[in-house]
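Participant: After the structure tokens below, expect a handful of questions from me.
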């Protein structure tokens, strides 16, 4: 069972965890030994710090890495629908067919045209896409990256970014007021009605599908360092 491989990077017992981490690494690498690109999933609740972790990994590996954000695969909001009445944390909100097709094409060495989604209009920009080429390391981050089994099977390593609910809500308020022009009242209302229930039903269960649990996200420098080392080892193993 994958649950038996579950590993939380809280670093109170570093010596024993290094050994266990190396075992996880070997197991994950065996799944993708013949694949040109290494696919890494980063999941967690909204405001957990997934984007920060993804950016740190891309910064470390520079031109060898690329990051895809699942947010760009939201479905267009239909005309006349009030976005305040839509659960954007539900699997129903995402275009999993396109998401899977793009990831499969990227993993097979093909370029893809990633849609650009606006959280102001709640629609994709039909005239603008972003061309993404295969890289040695492909990071895919989002709240439901591992929800779909056939998508989950594409990944060589999966990381769950864990954070307290209070901190996630604070970060969500800060982000949505600054970047998406929303009021605090609307954010809290949406959180109570949709976000918190969806987290319990759809997002948190992915934790038990992940190879690594990373508490405190980008603030966990020790955890990030061990993940970077694991990825370097995976990348070097392909050369041997």
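The values are calculated or read from the model by the stated rules, or taken from the named source; none is laboratory data. Owing to the predicted nature of the structure, the values given are computational and were not obtained by experimental measurement. Quick reminder, even Gly has a Cβ in these numbers, built from the backbone with ideal geometry, and neighbours come from all protein chains shown.
Participant: Which condition does residue 51 not pass, out of (1) without any contact (Cβ under 8 Å) to a residue 40 or more places away in the chain; (2) outside any strand (DSSP E or B); (3) out of contact with any helix residue (DSSP H, G or I) (no Cβ under 7 Å at 6 or more places or on another chain), if it passes all the others?
Facilitator: Evaluating residue 51 over (1) without any contact (Cβ under 8 Å) to a residue 40 or more places away in the chain; (2) outside any strand (DSSP E or B); (3) out of contact with any helix residue (DSSP H, G or I) (no Cβ under 7 Å at 6 or more places or on another chain) leaves (1) as the failure.
Participant: Still on this structure: Among the candidates 76, 89, 71, single out the residue that is assigned to a loop (DSSP other than H, G, I, E, B), touching a residue at least 24 places away in the same chain (Cβ under 8 Å) and touching a strand residue (DSSP E or B) at 6+ places or on another chain (Cβ under 8 Å).
Facilitator: 76
Participant: Quick one: count up the residues across the range 120-163 that are surrounded by fewer than 12 Cβ atoms within 10 Å (Cβ to Cβ) and part of a loop (DSSP other than H, G, I, E, B).
Facilitator: 4
Participant: With over 15 Å from residue 52 (Cβ atoms) and in contact with a strand residue (DSSP E or B) (Cβ under 6 Å, 6 or more places away or on another chain) as the only criterion, which of 184, 161, 145 stands out? Outline the logic, then answer.
Facilitator: Details: 184 fails: in contact with a strand residue (DSSP E or B) (Cβ under 6 Å, 6 or more places away or on another chain); 161 fails: over 15 Å from residue 52 (Cβ atoms).
One residue alone meets the criteria, 145.
Participant: Looking at the range 194-212 only, could you name the residues that are touching a residue at least 60 places away in the same chain (Cβ under 8 Å) and farther than 30 Å from residue 222 by Cβ?
Facilitator: 194, 198
Participant: Now for a different question. Considering each of 147, 160 in turn, give the residue that is modelled with pLDDT of 95 or more, touching a helix residue (DSSP H, G or I) at 6+ places or on another chain (Cβ under 9 Å) and over 24 Å from residue 78 (Cβ atoms).
Facilitator: Numbers: 147 fails: over 24 Å from residue 78 (Cβ atoms).
Just a single option satisfies the conditions, and that option is 160.
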